[in-house]
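Each value in this text was obtained by applying a stated rule to the coordinates, not by laboratory testing. Predicted model, so just to flag it, every value in this text is computed and none were measured. Quick reminder, even Gly has a Cβ in these numbers, built from the backbone with ideal geometry, and neighbours come from all protein chains shown.
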Amino acid sequence: MPPADDLPPGPPLPDAVREALLAPLVDHHCHGVRRDDLGRAAFELLITEAATPAPPGTTHFDTPIGAAIRRWCAPVLDLAPHAPPAVYLARRAELGAAEVNRRLLRQAGIVAFLVDTGLNGAGLLSAAEMGRLGGAAADEIVRLERVEETVARSVGGAAEYPGALAEALAAAAARAVGLKTVIAYRYGLDFDIERPGRGAVVAAAGRRLADPKARLTDPVLLRHLLWSGVDVARQRSLPVQFHCGYGDPDIDLHRADPALLTGFIRALQPGGVPLILLHCYPFHRQAAYLASVYPHVYVDLGLALTHTAAGSAAIVDELLELVPFHKQMFSSDCYGVAETCHLGALYYRRGLARALAVRIGEGEWSAADAARVAHMIGAGNARRVYRL
């Protein structure tokens, strides 16, 4: 269990609510962290969504997440809060990556990691390794675009492409608890919702196979991939995750608004495939609306928690304005460095604690209601949706 000071100061919360907030979490969307020791330049690039170093004379530690690392991760590494960046990184190097990862992952209080393996490389921990170091269960989330890349590089010809893709998706889904798409990055969420015909897919595949190592951006093949993934999800009763909102510079933010998915959401409603809107910031209120009116839509805040850090409590509260409590989940979107897992969990707990304290203090909610909501968002909803 994480330490009690993971919760913010203020009026004392009822014991049942504190226990619910500090209970183990299901991190329903994360990535592997680096297994190797990192120099300062590499570390700084992993604590920002920017793809470039900070401008000369500045540092990515001068960000909300940078300040949070020095405040909350430093004590986990036996340093005083607010340790200077150089001192923090020296201690990190002294302990070594394995010990740093073990400490930060375990103190996050995660009972299960659902790991998007679409970014996995030689330097990142696998889902199983994340589980072992974090003292937790671990399962895989299959990224649709990664499966397609494998098919494009191995299929014999364009006519074989649709069948090979369907077979590869079915095989990947057999070992997974969910699927994920990054169509927001590859095209945008304002895609044509109609399923493309076979002729259009084969023609687009012919163009694709002329350069199979290129990044998939063809809108016809992206739509075909998405609908093929939905078919598999329906057959296996799996949810489909969508990256929405805030991300790295590859994304056009205005085209990553989850409200753009409204037509697609309506089209999927009869099939009942759960759609999970990840991250969403600054469109979390749009996501809350979608979750409130469509029975198969769920939402989280993901990387917004870590990157807004001390400001995240306001975002947690804004999501709770409208989203049904059985439709919200916790994720850290941990990636690259274990600090992002630790901080995601910490700011989720602190933000939700503040929101619950206000509602209890104003007599809006009972302590029992607050505890029940904390259990649902922290783990119960994910266990139900992913059938853990």
- Item | Rg [Å, one decimal], Dmax [Å, integer] - segment 38-95, C-alpha atoms | 11.0, 30
- Taking the alpha carbon gyration tensor of segment 261-360, what are the square roots of 5 times its eigenvalues, largest first, to the nearest whole Å? 24, 16, 10
- Residues with beta-carbon under 12 Å from that of TYR187, excluding TYR187: net charge, scoring Lys, Arg +1 and Asp, Glu -1? -2
- Query: Relative to the present Cα-Cα distance, how much length would full extension add between ALA122 and ASP192 at 0.36 nm per residue of separation?
  - Reply: 21.6 nm
- Message: What distance in nm lies between label points placed 7 Å from Cα along the C-beta direction at ARG132 and GLN235?
- Response: 3.3
- Item | q = 0.10, 0.13 Å⁻¹: log10 I(q)/I(0) that the Debye formula gives for the chain, counting C-alpha atoms only | -0.64, -1.06
- Percent RCO, i.e. relative contact order, over the chain, from Cα pairs under 8 Å lying at least 6 residues apart: 22
- Message: From Cα pairs below 8 angstrom and at least 6 apart in sequence, can you work out the relative contact order of segment 38-95, rounded to a whole percent?
- Response: 25
- Query: How long is the gain from ALA367 to ARG387 if the chain were fully straight, where each residue apart is worth 0.36 nm and the alpha carbon distance is subtracted?
  - Reply: 4.4 nm
- Message: Pick from ALA128, ALA112, ALA184 the residue whose mean-square fluctuation is largest in a GNM of the chain, springs joining Cα atoms under 10 Å.
- Response: ALA128
- Task: Take every Cα-Cα distance within segment 216-315, group them into 10 Å bins from 0 onward, and report for each bin the whole-number percent of pairs it holds.
- Result: 15, 44, 32, 8, 0
- Förster radius 41 Å - calculated FRET efficiency between ALA203 and ASP250 (Cβ-Cβ, nearest 0.05): 0.95
- Query: Given +1 on the Cβ of Lys and Arg, -1 on the Cβ of Asp and Glu, and no further charges, what dipole in debye does segment 38-95 carry about its Cα centre, rounded to the nearest 20?
  - Reply: 100
- From the P(r) of segment 1-144, can you give the percent of Cα pairs sitting at distances over 19 Å? 59
- Item | Net charge contributed by nearby residues that have their C-beta within less than 14 Å of ASP5 (K/R +1, D/E -1) | +3
- Message: Could you compute the net charge surrounding VAL358? Neighbours are other residues with a C-beta less than 11 Å from the C-beta of VAL358; K and R count +1, D and E count -1.
- Response: -1
- Task: Name all residues of segment 172-211 having a backbone nitrogen under 18 Å from the label point set 7 Å from the Cα of ALA159 along its Cα→Cβ direction, giving them as ranges.
- Result: 198-210
